[in-house]
Amino acid sequence: MKIRKAVLPVAGLGTRFLPATKAVPKEMLPVVDKPLIQYAVEEALAAGVSQVILVNSRDKGALEDHFDRAPELEEHLRSRKKYDLLQLVLDTTPEQLSVASTRQINPMGLGHAVWCARDLVGDEPFAVILPDDLVRGDTPVLQQMTQCFETLQCSMVAVEEVPACDTNKYGIIDPAHEQDGLVLAKGLVEKPDPALAPSRLALIGRYILTPGIFDLLGGQSRGAGGEIQLTDAMARLLEKESVYGFRFQGVRYDCGHKAGFQLANLALALERDDLRPQMLPFLKQQLARWS
Ligand code: UTP
């Protein structure tokens, strides 16, 4: 089976970015000149996904509007022959992609948000992308995973090593064995204390899941932080079927917190020929000042 659908949970409150996120969804914050959500949707498209499912909440309609046509703006740009800008606007509504949305009435956690997409996903394996994990690599990370899924046909989650002192910020995999970057899980623990963590391999925001996860999420009680955790449901899924950690190629920026978000802006701006010449002298000046 191929992965045709990707769930993007975007119903969180984004409290770590207040006051910026009081009225603007965290997923609409721009890295250079594109909102986080657009990077996620482009990654889904590159991986062959044809339907994106936003799990949204009230007051975050801008996320849906971003993937709708904007006739007045388009006409304005066309009449002034600003075709480059027009193309940027049209690129947000690619023909081969449909965007559906549903709502999570209360932000009860990532697991609950994924469960809210169950009717739109139906009975097929699907991807989950957390837009605040931005990953840069030669091949987009979800594409790496869907290619692997075509032969493996199992649930998997992207993993990367984190410092031992940080295990209590992530879901952590308990590895059974590893081959060619695929880590068979014998357990998954949400935010373990460093002293109790079974490894330093942290789950990051890219998943491919089989639909069996929905029944488990439906009966799931609240876990760490009082939230319904996706990690806990996956820990029960692996009692029935294989679940793998996928060591991806690329650099991950955790844009869910301020430092990671600034690093992503810096790195992506430096990638750009139009911005680098202005940024490098400034950065050198700042380094001399602060180091
Ligand atoms: P985070 O925990 O990073 O996002 O969830 P948050 O809760 O919005 O942020 P803080 O901690 O208050 O700053 C990762 C992703 O899961 C979504 C978020 O919108 C984000 O894209 N999410 C989280 C939901 O959709 N629903 C939830 O109940 C929680």
Write down the percent of antiparallel bridges among all DSSP beta bridges whose residues are both part of the chain, to the nearest 5. 60
In degrees, nearest 10, range 0 to 90: what is the angle between the Cα axis of helix 36-46 and the longest Cα principal axis of the chain? 70
For the chain, what is the charge dipole size about the Cα centre, in debye to the nearest 20, if Lys and Arg each add +1 at the Cβ and Asp and Glu each add -1 at the Cβ? 740
Would you please give the FRET efficiency between Leu85 and Glu42, computed as 1/(1 + (r/R0)^6) with r the Cβ-Cβ distance and R0 = 22 Å, to the nearest 0.05? 0.80
Reciprocal mean inverse distance between Cα atoms of the chain - Kirkwood radius, Å: 20.1
Can you tell me which of 77-86, 155-164 comes out highest on packing, and rank the rest after it, using the mean Cβ neighbours within 10 Å? 155-164, 77-86
Round to the nearest 0.05 the FRET efficiency obtained for Thr139 and Glu95 when R0 = 30 Å and r is the Cβ-Cβ distance. 0.80
At what distance in nm do the modelled label points of Leu280 and Asp59 sit from each other, each positioned 7 Å from its Cα along Cα→Cβ? 4.4
Provide, as a two-decimal number, the C-alpha radius of gyration of region 150-209 over 2.2 N^0.38 Å, N being how many residues it has. 1.09
How far, in degrees from 0 to 90, does helix 141-152 lean away from the longest principal axis of the Cα atoms of the chain, to the nearest 10? 40
Near the amide H of Lys186, under 5 Å away, which other amide H atoms are found, from residues 5 or more places off or on another chain, if H is placed in the peptide plane? Asp174, Ala176
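My understanding is that a pair violates if its Cα-Cα distance is over 25 Å; which of Lys191/Lys258; Lys60/Lys258; Lys34/Lys258; Lys5/Lys81; Lys34/Lys82; Lys169/Lys258 do that in this structure?
From Lys191/Lys258; Lys60/Lys258; Lys34/Lys258; Lys5/Lys81; Lys34/Lys82; Lys169/Lys258, over 25 Å: Lys5/Lys81.
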Using θ = phi - 60° and the Karplus curve 6.51 cos²θ - 1.76 cosθ + 1.60, what whole-Hz ³J(HN,Hα) does each residue of region 232-239 get, with Gly and Pro shown as x? 5, 5, 5, 5, 7, 4, 6, 6
Roughly what angle does helix 276-290 make with the longest principal axis of the chain, taking Cα atoms, 0 to 90 degrees, to the nearest 10? 70
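Bear in mind that the values in this text are calculations on the coordinates, not laboratory data. Computed from a predicted model, the values in this text were never measured in an experiment. So basically every Cβ, Gly included, is an ideal-geometry build from the backbone, and we count neighbours across all protein chains shown.
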